[in-house]
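Undergrad: Pasting a structure below so you can have a look.
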Amino acid sequence: MSLRDLLWDYPVILKKTYISLIPLSHIFLFTLISVGVFTFLFSSVFAKYLVNSENTRFVEGVVGGIDRLNPLYVSSNQVDRDVQELIFTKFIEIDAQGSPVPSLATSWDVTGDSKVYTFKLRNDMKWHDGKSVTADDVVFTFNFAKELYNQYSVDTFGSSIETVSFEKVNDFTVRFVLSEVNATFFETIAVYVVPKHVLNNTKLESYAFEQFNQNPLGSGPFYVQKNDTTGLLLARSPYYPEKVNLSFFEFRFYPTLEELEFAFRSNLLDGVGVYDRDDVPFVNEYKEKFSQHTFDLPYRKKIIFFNTRDAKFANAPIRRGLGYLLDKGRMISELGLDAKVSDSPLPSNSWAYLSNLDYIKYSPKNAEIELKLVGYTKSATNGFYTSSDGKILSVSITYLENEFNQRIVDWMSEQYEKEGVLLNPVPKTYEQITKEVLASRDFELILYEMEISVDPDQYNIWHSLKIDYPNLNISGYKFTRVDVYLERGRQVLNRNTRVENYENFQKVLLNDAPGIFLFEPKFTYIIRTDVEGFDGTSVQSPQQRFSNVTNWIIR
């Protein structure tokens, strides 16, 4: 056989040789393939690929889960807010001083009478399906929020824009027309924009059940790739106009702190966020691998609202009396809370905060004076405040049932009992709080965490026109003087005039005591030290820890 024939027929010869040498030929081929695969897996090329793949996914652990990711709803679920920050884009942002900052809208003009605002939009923003974000989406977002609020009393930001009209000037220009000057307008419109082409045909009456609530389409740096009971996987949007270093951002849900701890110790998590560091003492064992960043949250307040609709709490002396019996500083200290004592409806860093007021502070002596005005005197025999017919002063407090709130209520119950008042705990689920208690206003006292605006305007919380659900005047408080100060404060732009009105508002409200302002919580974010780019210098709310997530890199 010539060399030419041998080369031409080598497949046949090779096959015959392989068959004749079975099983030795099988063993040789398997060994050869195994060595090749083994060599590749331990090569620098594969190692580099594996490291890059792992380091582009950030995993955050959460106790709980999501409720609704639709940003048109006002949500008290922090996980919802965190996810919204990653998948949506706000129309404008608001900085720590309350000034507007460009986002989807890049610039704006305001007429001399401060009633017409014209905004120019970015022309490079796209939804996660590749369609452009335009003025149609902006106008739709605001009008839809108004309709949901007006027609179905859905708790949306639509309640704040009832008298504002919106119109498209061109594809990337929108105009807002106000019926009256509103100093809080910029903060009112600092909301996430939703896609018209996805929601345009949605029926208002079935909106609460839309798939968009669980798998929304946004225009932020990440989109929802997977959502189930175990967690939420977000993937980097290919249409986001700016570079995003992380390929994936994953939230893993755990039913208990014990399971979160197990995952953390098993090296499965890159980040954990908590309001109370006592919940996660185990993180202190990993200080070399994880850094801790604690932020003040001046625009969140834990408040006890009195139901002033109830005849029992219609008079200010009983409200002031109960306020004087609560030692808030000692509560924070003894419970080890990450919090700052609150004494006013406004945060202490607000430009309208009045620092020289005689705030209601712990004083059993003052409490005795106030409670005597409404018929309760402290019994020398049993130590309790009793009425003329011998009934002990007893009040009920409703609250969202979780470990954090339970600790607070247990401490207050003990404190009040020592001072001569019975406090009866009424724990409720999230569904019960939102759909039953707040909707019907069926409570005596309610422990509630309120998010307030950077601007000192609190019209929606204390004005008498806002006492019905879903408005936020939870206590049902009515006082004409307070209404006037709140109206004047938002109808002028001059800061000195506004300060004067808000100082008067604070004086009257605090003397009338429709609520007890407990504290402003803090938030701690535990994140791996090998995550570069994280910046918490301007965090005012927990979700703002993601404000520069596009720059995060895992080394």
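Undergrad: With viscosity set to 1.567 mPa s at 4 °C, what whole-number translational diffusion coefficient in µm²/s follows for region 265-382 from Stokes-Einstein and a Kirkwood radius over Cα pairs?
TA: 72
Undergrad: Separate question: Would you work out the Kirkwood radius for region 412-488? I mean one over the mean of 1/r across all pairs of different Cα atoms, in Å.
TA: 14.4
Undergrad: Provide the gained length on full extension for the span GLU258 to ASN424, in nm with one decimal, where the gain is 0.36 nm per separating residue minus the Cα-Cα distance.
TA: Result: 56.8 nm gained on full extension.
Undergrad: Oh, and also: Between region 114-128 and region 486-519, what is the C-alpha centre distance in whole Å?
TA: Centre-to-centre distance over Cα atoms comes out at 33 Å.
Undergrad: With each pseudo-label sitting 7 Å past Cα toward Cβ, what's the ASN201-THR111 distance in nm, one decimal?
TA: Here the modelled spin labels are 3.8 nm apart.
Undergrad: Continuing with this model, one more query. Applying 1/(1 + (r/R0)^6) with R0 = 41 Å to the Cβ-Cβ distance of ASN511 and ARG555, what FRET efficiency is obtained, to the nearest 0.05?
TA: 0.15
Undergrad: Lys and Arg at +1, Asp and Glu at -1: add these up for the other residues within a Cβ distance under 15 Å of THR529 and post the number.
TA: -2
Undergrad: For region 154-303, how big is the tail of P(r) above 21 Å, as a whole percent of Cα pairs?
TA: 67
Undergrad: Provide ASP410, ASP228, ASP82 in ascending order of the number of other Cβ atoms located within 10 Å of each residue's Cβ, fewest first.
TA: Taking fewest neighbouring Cβ atoms as first place, the list is ASP228, ASP410, ASP82.
Undergrad: What residues have an amide H closer than 5 Å to that of PHE58, excluding those fewer than 5 places away on the same chain, when H is modeled at 1.01 Å from N in the peptide plane?
TA: PHE248, PHE249, GLU250
Undergrad: Then there's this: Express as a percent, rounded to the nearest 5, the fraction of DSSP beta bridges in the chain (both residues included) that run antiparallel.
TA: Within the chain, antiparallel bridges account for around 80 percent of the total.
Undergrad: Would you mind ranking ASP95, ASP296 by Cβ crowding within 10 Å, fewest neighbours first?
TA: ASP95, ASP296
Undergrad: Determine ³J(HN,Hα), in whole Hz, for all residues of region 268-284 in sequence, where each value follows from phi through the Karplus function 6.51 cos²θ - 1.76 cosθ + 1.60 and θ = phi - 60°; x replaces Gly and Pro.
TA: 9, 10, 9, x, 9, x, 9, 8, 10, 5, 5, 6, 10, x, 5, 5, 5
Undergrad: Additional query: If each Cα of the chain is one equal point scatterer, what is log10 of I(q)/I(0) from the Debye formula at q = 0.06, 0.10, 0.11 Å⁻¹?
TA: Scattering profile of the chain, log10 relative to I(0): -0.39, -0.91, -1.08.
Undergrad: What share of Cα pairs, in percent, lie more than 22 angstrom apart in region 83-198?
TA: Result: 29 percent of Cα pairs exceed 22 Å.
Undergrad: Quick one: what Rg and Dmax do you get for region 480-555 from the alpha carbons, in Å?
TA: 20.1, 59
Undergrad: Take every DSSP beta bridge whose two residues both sit in region 300-522, then give the antiparallel share in percent to the nearest 5.
TA: 65
Every read-out reported here was derived from the displayed coordinates using simple, explicitly stated rules and does not represent laboratory data. Because the structure is a prediction, the values reported are computed rather than measured. Methodologically, a virtual Cβ is constructed for each residue, glycine included, from the backbone with ideal geometry; neighbour enumeration extends over all protein chains shown.
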